[in-house]
Amino acid sequence: MSQAAAIDDAVDVMGRANDRLAGRSPEEILCWASGRFAHRLAFATGLGPEGLVLVDLIARHRLPVDVFTLDTGLFFPETYALWRRVEERYGISIRAARPELSVAQQAARHGDDLWALEPDRCCAMRKVEPLAKALAPHEAWISAIRADQTPDRAVARVVERDRRHGLVKVNPLLAWSSADVWAYLRAHDVPTNLLHEQGYPSIGCWPCTSAVGFGEDARAGRWRGHVKTECGLHSRPRGFASPLTHDVSKGA
């Protein structure tokens with residue numbers, strides 16, 4: 001199949017899938033994705049509340065999904081402890097996708113505290129590039145984003161074309177709220193990060209995550225002091241028009 005034909009086929013699949021999956025539960029969306037893409041489907045989890053809902057569903061239904069996390073080397077100790085707890089609870093292995101440089105090597109090459117001086121560059125090296133490598137063998141990937149989290153995420157669709165990686169992206173929790181997520185976690189006794197009880201609703205790398213005060217947005221503690229709101233994993237490429245449009249001349 002030619003590249004153009006493959007892209008047309010993918011766009012057609014996404015359009016029909018969105019019509020079919022509108023209003024469906026995350027469980028149904030995951031089952032559709034695992035059936036459609038079999039062992040060519042990956043899930044990148046940051047071990048946040050939303051991601052843990054999907055880990056629970058994937059493990060509960062024994063879906064053939066490659067589950068991994070982007071281990072930046074800068075997780076909180078509580079996050080590393082949670083990673084171990086989740087693997088033990090579900091009897092699964094969450095593989096680590098790591099950057100080319102260790103934190104020490106990055107400091108030696110680019111200076112100390114790159115995350116404070118150039119947070120976009122640090123995220124690109126420690127998260128965006130490792131994600132691209134981890135997704136390379138796959139045809140589709142699952143994310144745990146919700147539409148109400150950021151402006152970029154607000155325009156996502158349940159099934160869409162990921163132009164950055166040339167894959168299909170599936171967003172089972174897009175229509176859920178934070179209340180929906182936490183209701184599920186409590187109902188199924190899913191392990192969560194102990195930092196959530198200490199004022200950290202959204203948790204990333206320790207240098208770029210702080211506790212949130214009363215009345216602040218749930219993501220206000222991420223990259224505090226910067227205009228940055230996304231690490232880049234879910235940012236829309238410039239010139240983005242529609243999840244289902246494509247330009248064959250620019251490739252997948």
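The values are calculated or read from the model by the stated rules, or taken from the named source; none is laboratory data. Predicted model, so just to flag it, every value in this text is computed and none were measured. Positions of Cβ are backbone-derived with ideal geometry, glycine not excepted, and every protein chain shown enters the neighbour counts. SASA here: full protein model, heavy atoms, side chains in, ligands and nucleic acids out. Shrake-Rupley method; radii C 1.70, N 1.55, O 1.52, S 1.80 Å.
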| request: From (1) out of contact with any helix residue (DSSP H, G or I) (no Cβ under 9 Å at 6 or more places or on another chain); (2) surrounded by fewer than 20 Cβ atoms within 10 Å (Cβ to Cβ); (3) closer than 23 Å to Ala134 by Cα; (4) in contact (Cβ under 8 Å) with a residue 60 or more places away in the chain, pick out the condition that doesn't hold for Gly15. | output: (3)
| query | So Val86 fits all but one of (1) at pLDDT 95 or above; (2) in contact with a Pro (Cβ under 6 Å, 6 or more places away or on another chain); (3) farther than 20 Å from Leu63 by Cα; what number is the exception? | reply | (3)
| query | Can you name the number of the only condition in (1) outside any loop (DSSP other than H, G, I, E, B); (2) modelled with pLDDT of 95 or more; (3) in contact with a strand residue (DSSP E or B) (Cβ under 9 Å, 6 or more places away or on another chain); (4) of a type outside the set (Ser, Thr, Tyr) that Leu47 fails? | reply | (1)
| request: Just need a number here: residues in region 162-186 that are among the β-branched types (Val, Ile, Thr) and not in a helix (DSSP H, G or I). | output: 2
| query | Is there any pair with a first residue in region 197-221 that is closer than 14 Å to Gly46 by Cα and a second that is among the polar types (S, T, N, Q) whose Cβ atoms are under 6 Å apart and which are 6 or more apart or on different chains, and what are they? | reply | Ile203/Asn193; Ile203/Thr209; Cys205/Thr72
| field | Single residue of region 149-163 satisfying the filter (within 13 Å of Arg16 (Cα to Cα) and of a type in the set (A, V, I, L, M)) that is most open to solvent (accessible area, probe 1.4 Å) | value | Val158
| Looking at region 141-160, which of the residues that are of a type outside the set (D, E, K, R) and part of a helix (DSSP H, G or I) is modelled with the lowest pLDDT? | Pro151
| message | Of the residues Arg153, Arg121, only one is within 28 Å of Ala179 (Cα to Cα) and basic (Lys, Arg); which? | response | Arg153
| Answer residue from region 164-217, given it is within 24 Å of Glu28 (Cβ to Cβ) and touching an Asp or Glu at 6+ places or on another chain (Cβ under 7 Å) and is most open to solvent (accessible area, probe 1.4 Å) among those | His188
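Within region 55-109, which residues are of a type in the set (Gly, Ala, Ser), more than 19 Å from the chain's Cα centre (by Cα) and open to solvent by 60 Å² or more (accessible area, probe 1.4 Å)? Working first, answer last.
Taking region 55-109 first, the residues of a type in the set (Gly, Ala, Ser) are 59, 73, 81, 91, 93, 96-97, 102, 104, 107-108.
Pick out the ones that are also more than 19 Å from the chain's Cα centre (by Cα) and you get 81, 91, 102, 104, 107-108.
Those that are of a type in the set (Gly, Ala, Ser), more than 19 Å from the chain's Cα centre (by Cα) and open to solvent by 60 Å² or more (accessible area, probe 1.4 Å): Gly91, Ala104, Ala108.
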| request: Could you list all residues from region 194-227 that are of a type in the set (Gly, Ala, Ser) and out of contact with any strand residue (DSSP E or B) (no Cβ under 7 Å at 6 or more places or on another chain)? | output: Gly199, Ser210, Ala211, Gly213, Gly215, Ala218, Ala220, Gly225
| Can Lys133 be described as of a type outside the set (A, V, I, L, M, F, W, C) and surrounded by 17 or more Cβ atoms within 10 Å (Cβ to Cβ)? | no
| query | For region 75-140, which helices (runs of 4 or more DSSP H) that fit wholly inside it have 3 or more residues that are small (Gly, Ala, Ser)? | reply | 103-110
